[in-house]
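The values are calculated or read from the model by the stated rules, or taken from the named source; none is laboratory data. The structure displayed is predicted, hence computed values, not measured ones. Methodologically, a virtual Cβ is constructed for each residue, glycine included, from the backbone with ideal geometry; neighbour enumeration extends over all protein chains shown.
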Amino acid sequence: MLVASKANGSLGGRCIMRQTLSVAICVIVSLVMGAIATRYVHPHWILATLHSLQLHAALACLAAMLLAVALYRHPLVYGLFACAVILTAHTVYMARDLGVAVAEADAGAPTFRLMSFNILSDNYENGEAIASAIIASGADVVNIMEAAPLYNQLQRLTETYPYRLGCGVIVVNDCDQLMLSKVPLQNGSVRTLSDIFENRFILAQVTMAGRTINIGGIHTTKPYFDNFHTMELIRAALAITDTDGPLILSGDFNASSLAPNMRAFLTWTGLHPAAWEPATWPIKAGAFGVPIDHIFVRAPLKIKSIERLPDAIGSNHFGLMAEIAITAP
């Protein structure tokens, strides 16, 4: 009887421990999902980073709730698990609903290649290697963020890319945002989007396959600097909506396309991401990182393919290479 009593007591203790652990998981998950859910009511910049990480957070909540259900089966636990499933499903939907893929009818459309890369402003030791990668890329247009390490490589780059904006052209006092092109850059302009950084928005026109195409390069501030990130997106949107016809915008947005202000920006401007966006940061996370560097297009342009550059070449971001189809209007 004493042995049976001890066994029952040990079993009861384990059950209480499992229940307590399940409840603790549920509390943490409910707090995280509650913070994410603020985006559906009133998004706030304090939670902007979490909203950019929503897919990662939702998957983590789902995995945690699977463990909670395994530990302790209760209607409330199942209810929270169902909420995690719904949140994850909606996040996956949002990650894909704004993307536009090339259709079979667009197979014969002319294309051009664009490279976008934040090379890191103090990455001087790799300036020559980055210049070599740009020259060998085959890109028709290149957008570079934090371009200072390329300043001493500009003459060499000019042999392949004779046209540029930034780093001495229009902007003479710094070398930060840079646009390189194999074809003439027309109606070029450089703008400052906020007081935090200057001259981080470039807009120009090129002619590809007989079509005039607007091309922009952008580098926004981090989203946890008050409302500066949203303000910069609004100012960029106003500049973009002043243009007509095909447009491609690339750069480091410091936020994923899941962020509420990023989705609003895409809606305002009529821009679309690729159907799937590669992760670009942090580089140590590889494919499990966050796509905070983007290439967006406006009709009739479509992203035929997009891939992450295989080597970060000393940067803390991976660059992107996209093939853009110029489809029929």
TODO: Would you mind finding the one in 95, 139 that is in a helix (DSSP H, G or I), buried (at least 19 other Cβ atoms within 10 Å of the Cβ) and within 24 Å of the chain's Cα centre (by Cα)?
DONE: 95
Task: Selection within the stretch 33-47 - surrounded by fewer than 18 Cβ atoms within 10 Å (Cβ to Cβ), in contact (Cβ under 8 Å) with a residue 24 or more places away in the chain and under 18 Å from residue 94 (Cβ atoms) - done: 37, 43
TODO: Output the number of residues of the stretch 200-253 satisfying the condition of being under 21 Å from residue 302 (Cβ atoms) and among the acidic types (Asp, Glu).
DONE: 1
Open item on the list: Based on this model, can you work out whether residue 144 counts as surrounded by 21 or more Cβ atoms within 10 Å (Cβ to Cβ), closer than 19 Å to residue 323 by Cα and touching a Phe, Trp or Tyr at 6+ places or on another chain (Cβ under 8 Å)?
Closed with: yes
- [ ] Name, by its number, the condition in (1) under 16 Å from the mean Cα position of the chain (by Cα); (2) touching a residue at least 60 places away in the same chain (Cβ under 8 Å); (3) farther than 20 Å from residue 43 by Cα; (4) part of a loop (DSSP other than H, G, I, E, B) that does not hold for residue 279.
- [x] (2)
TODO: Take the stretch 217-249 and flag every residue that is surrounded by fewer than 24 Cβ atoms within 10 Å (Cβ to Cβ), charged (D, E, K, R) and at negative phi.
DONE: 222, 235, 242, 244
Open item on the list: Can you go through 214, 187, 199, 254 and tell me which one is exposed (fewer than 15 other Cβ atoms within 10 Å of the Cβ) and at pLDDT 95 or above?
Closed with: 187
Task: Residue pairs meeting the criteria (Cβ under 6 Å; at least 6 apart or on separate chains; first in contact (Cβ under 8 Å) with a residue 60 or more places away in the chain, in the stretch 204-226; second basic (Lys, Arg)) - done: 219/200
- [ ] Please work out which residue is surrounded by the most Cβ atoms within 10 Å (Cβ to Cβ), limiting yourself to the stretch 156-175 and to residues that are in a loop (DSSP other than H, G, I, E, B) and of a type in the set (Ser, Thr, Tyr).
- [x] 161
- [ ] Just give me the residues in the stretch 290-316 being touching a Pro at 6+ places or on another chain (Cβ under 7 Å), modelled with pLDDT of 95 or more and not charged (D, E, K, R), in sequence order.
- [x] 291, 294, 296, 301, 306, 316
